[in-house]
Amino acid sequence: MKKSIYSILRGTFLVSEDSFKNWRIILFISVLAIIMIASSHSADKKVYEIARLNNEVKELRSELYDGRTRLMQLKMESSVVKKMKEKGLAPSVIPPTKIIVKPQN
C-alpha cells in the first residue's frame, strides 16, 4: 500500500516500463475533460442568449401594447375633432342624407 502511494506521489508510474497504458488513460481522461468543459461553455452561451432574447421579446411586446393604446386614442372621435379644430375644420351640424342612384336600363 505504501509503495503504491509513493509511486503516485513521485510519479514513477509515468516513467516505468509499462507506463504507456497509464499515459493513454491519462490522455483519454484529459480529452474527455476538455470536451466536457467546452460543452458546458456552449450550453452557458445558449442559456444567456435565450435570456437576452426573452427580454427583447418582452420589450417588443410592451412597445406593441403601447403603440396600440396610442393608436386607439388617436382614432377616438374627440381627438380627431380636436385636431381638425386646430386646422379650422368643424364637424357638420347637418346630418348626412342618403343618395340613391337608380340604375338605367
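Give S92, S40, S16, S78 a once-over and let me know the one that is assigned to a helix (DSSP H, G or I), modelled with pLDDT under 90, out of contact with any Leu (no Cβ under 9 Å at 6 or more places or on another chain) and among the hydroxyl-bearing types (S, T, Y).
On the way: S92 fails: assigned to a helix (DSSP H, G or I); S40 fails: modelled with pLDDT under 90; S16 fails: assigned to a helix (DSSP H, G or I).
The match here is S78.
Condition first: surrounded by 10 or more Cβ atoms within 10 Å (Cβ to Cβ) and touching a helix residue (DSSP H, G or I) at 6+ places or on another chain (Cβ under 7 Å). Can you find one or more residues in the range 57-78 that meet it? Yes, the range 57-78 has at least one match.
The values are calculated or read from the model by the stated rules, or taken from the named source; none is laboratory data. Here the structure is a predicted model, which means the values were calculated and not measured. We place every Cβ from the backbone using ideal geometry, glycine too, and count neighbours over all the protein chains shown.
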